[in-house]
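Report on the following structure.
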Amino acid sequence: MNTLPLLSRHPELGRARVYLFGLTAGCVTGVDFVASSMIGIAGAHIQGGVNAAPEEYLWAITVYAAAAVVANLVLGRIGTRITFRRYILLSLLVFCAGALLCASANNISELVLARAVQGLGGGGLFAAARIIAQLVSEPHERLPIFVGFGLGSFALTALAPWVSAELALNLGWRAIFLVQALVTVPLFAMVLTLFPRRREQPTTAQMGTLGWPAALAFGFGALLLLHGVEDFRLARIGLSGGETAALLAGAGLLVFAFRWLHNHPDPWLDVRRLGSRRYLVGLGFYSLYYLISGGWNYLVPSFLQAGLGFNFQTTGMVLSLAGGIGLIGVMLHTFSFRRIFRRRRVITAGFIVFALAATLLSVGAMPGASIPALMPAMMLQSLTTALIMVQVASMTYLDFEPEDFVHAYQLKNIMREVATALGTGMTSQWLQTDRAIARTDLVGRINVFDLQALAPDLPRTPDMLARLSLQIDQQATLIACDHLFVALAVICVAAAGVVLAQRALA
């Protein structure tokens, strides 16, 4: 009995290969997700390994996003010229080289340069994998691809915290990057054998021009502006001369790049094709989600370890368990996609759920809080991946033709990389500043009578004073985390209200 192929554009692909193709595309996407999450989850271990101050370590986060911006800007042109399949193969090699350089870094300068290489390789993987899935299938044929895509990408993301903890504790921080490099080896072989090949050669007009000076200007401008904004602290008034010059230079580079985009008849990212109101509104909420998630993903490990005193291994297991719940939510959404209506209300509910999760952790920000008491909030937040991110992403590209879809996904992933880095970096700096303020206030409140009340029978030894200092540090961290959780909850509630007013998302 003959059966119709799952992909009409590639009838040579059997059913098993189509599912494996989707799974491989998802794992390729997961490589980028894992690289971004591990640098935050294992930040304390990596930062200590290269002897970097928090402000210096911030460059390792920012430079990856800036390099990813460059990768996403040019992937449409390069993918059209050499095929997106070859682009992914080349990017995996570059990512592997960057990960190996990260593992061999001995100081923060070497780590930053290595992360730039890693970002050039990994930054475009999500967009390239998603674009090729779009180009080889018709809309009604994408369920088998998206099943594997969601499983591969979100399973790797869920495993990242637990794997990071085990590697850092048992083998050292360098092993985190070595495993990232190792993962690319089987993925390279899978892409080489499972991805369909392009049958038609692009025309000269389709290949277009690359415009490398403008692409590099965009990347360096984004790097300077991102780092400047991330390093801005609410407790500090004014900027130094060097910071002002860096911000102005970043703005100038972006102005140059945008003028090139506007004046060029066929730019590598044509925003004139992306005038759909549904797309632009969805892009805004998509970016907001990753801004909030970037902050959450940095804040929660700090809350669990520095605030509540859980070890890295326990923190990794908790985060991976919560990520598993998010994976289940994404898979349920994939299978019930056609039966979900009134998505605007679903997205609104997602922001409310996110606000509830932040509120629950704010209430739990006190010494002695247990993992079972915190898990409901962690699981609720993980469900927002399906309730917000997947919902918005699945709605915002319905108005585009295939040739415009490439441009739409380039811009989407640029915004994702920038928003994630911005959320992570700003949360890192604000947490550090708020914690310092809280610690100063707590120390100022303690006098000799408080010491007598806290430890009446213990002599004032260095060990006792060290324990007291640790308790003050933990309490200061909890106070700072409480403030940031409340801020996240307020932002999410405001976002929910704005979503309800957007008819473009109906």
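The values are calculated or read from the model by the stated rules, or taken from the named source; none is laboratory data. What you are looking at is a predicted structure, and each value in this text was computed from that prediction instead of being measured. Cβ atoms come from the backbone with ideal geometry, glycine included; neighbour counts cover every protein chain shown. These accessible areas exclude ligands, DNA and RNA; they are computed on the full protein's heavy atoms, side chains included. Shrake-Rupley method; radii C 1.70, N 1.55, O 1.52, S 1.80 Å.
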What does the charge count near A97 come to, summing +1 for each Lys or Arg and -1 for each Asp or Glu among other residues with Cβ under 15 Å from its Cβ?
0
For A373 and T440, compute 0.36 nm times the residue count separating them, minus their Cα-Cα distance, and round to one decimal in nm.
21.2 nm
Whole-number D in µm² s⁻¹ for region 77-209, Kirkwood Cα-pair radius fed into Stokes-Einstein, 4 °C, 1.567 mPa s
79
Report the full-extension gain for the segment Q474 to F258: residue separation times 0.36 nm, less the Cα-Cα distance, to one decimal in nm.
73.2 nm
Rounded to whole Å², per residue accessible area for region 32-166 with a 1.4 Å probe reads 29
Given region 407-448, report the % of alpha carbon pairs whose separation exceeds 11 Å.
70
If you roll a 1.4 Å probe over region 7-135 with all protein chains in place, what percent of the accessible area is carbon or sulfur?
65
Report D for region 155-200 in µm² per second (integer): Stokes-Einstein, Kirkwood Rh on Cα pairs, 37 °C, 0.692 mPa s.
265
If I model a spin label as a point 7 Å beyond the Cα along the Cα-Cβ vector, how far apart are those points for V493 and N107 in nm?
4.9
One finds, for S336 and L500 with R0 = 30 angstrom and r their Cβ-Cβ distance, a FRET efficiency to the nearest 0.05 of 0.85
What's the extension gain from A249 to R345 if we count 0.36 nm per residue and subtract their Cα-Cα distance?
30.4 nm
How many nm separate the modelled label positions at L90 and L171, each set 7 Å beyond the Cα in the direction of the Cβ?
3.0
